[in-house]
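Written out below as structure tokens is the structure these notes cover.
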Amino acid sequence: DLFVRALRLPGCQIFALDQITKPFFSALNDEKVQQKLLSVMFDLLVESRSPMVANTVSSVFKAIAVDAELVANELAPPEKPKVTVTVQQTRR
């Protein structure tokens with residue numbers, strides 16, 4: 001949680017990203033933690049206006065081994081809430 005907060009602080013982003021190495025990411029045995037870290041890195045890549053942050057995120061992605069399912073979870077569109085409507089209600 002503290003590490004994720006550091007990734008969101010503009011002055012700490014590059015330093016925090018540099019700490020994410022292949023051994024570091026592999027040592028995170030909890031998939032939820034890995035998913036959260038990937039989520040924050042994708043957010044940084046999309047939202048950051050700094051080319052240096054974008055380049056560092058890109059370098060981190062190249063350096064770490066990520067389960068494809070985690071990436072797919074992150075890139076998948078959010079699920080739409082299912083609405084149960086009858087045909088008769090739809091016609092109205």
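Can you list the aspartates and glutamates whose alpha carbon is less than 13 Å from that of residue 22, not counting same-chain residues fewer than 8 positions off? Within the straight-line cut-off, residue 22 pairs with 67. Sorted largest first by accessible area at a 1.4 angstrom probe radius, with every protein chain in place, the residues 56, 21 fall in the order 21, 56.
Ignoring everything but the protein chains, give the 1.4 Å probe accessible area of residue 1 in square angstrom, nearest 10. Residue 1 exposes around 140 Å² with every protein chain in place. Along the axis of the charge dipole computed for the chain (Cβ charges of +1 for Lys and Arg, -1 for Asp and Glu, origin at the Cα centre), the listed residues 56, 40, 28 are led at the positive end by 40.
Taking Cα atoms, how many degrees apart are the long axis of helix 51-63 and the longest axis of the chain, rounded to 10 and kept between 0 and 90? Once rounded, one gets 90 degrees.
Surface composition of the stretch 1-66: carbon and sulfur make up 58 percent of the accessible area, probe 1.4 Å. A DSSP coil position with no more than 10 other Cβ atoms inside 10 Å describes none of the chymotrypsin sites (Phe, Trp or Tyr not before Pro) in the stretch 1-77. Using a probe of 1.4 angstrom and keeping all protein chains present, the accessible surface of the stretch 3-50 works out to 64 square angstrom per residue.
Applied to the stretch 13-27, the Karplus parametrisation 6.51 cos²θ - 1.76 cosθ + 1.60 on θ = phi - 60° returns per-residue 3J(HN,Hα) values of 4, 4, 4, 5, 5, 5, 7, 7, 10, 4, x, 4, 5, 5, 6 Hz, with x for Gly and Pro. Using the rule -39500 (n - 2.57) for each DSSP H run of four or more residues, divided by the residues of the chain, the 222 nm mean residue ellipticity is -19000 deg cm²/dmol. Ranking of 9, 37, 75 by solvent-accessible surface, largest first: 75, 9, 37 (1.4 Å probe, protein heavy atoms only, all chains present). By the equivalent-ellipsoid construction on the alpha carbon gyration tensor, the chain comes out with semi-axes of 35, 16, 12 Å, ordered largest to smallest.
Placing +1 on each Lys and Arg Cβ and -1 on each Asp and Glu Cβ, with no other charges, gives the stretch 1-66 a dipole about its Cα centre of roughly 80 debye. Computed from the Cβ-Cβ distance with R0 of 25 Å, the FRET efficiency linking residue 61 to residue 2 stands at 0.70.
The values are calculated or read from the model by the stated rules, or taken from the named source; none is laboratory data. Worth saying up front: this structure is predicted, and the values here are computed from it rather than measured. Cβ sites come from the backbone with ideal geometry, for glycine too, and all protein chains shown count toward neighbours. Keep in mind that these areas ignore ligands, DNA and RNA; they rest on the heavy atoms of the full protein, side chains included. Shrake-Rupley method; radii C 1.70, N 1.55, O 1.52, S 1.80 Å.
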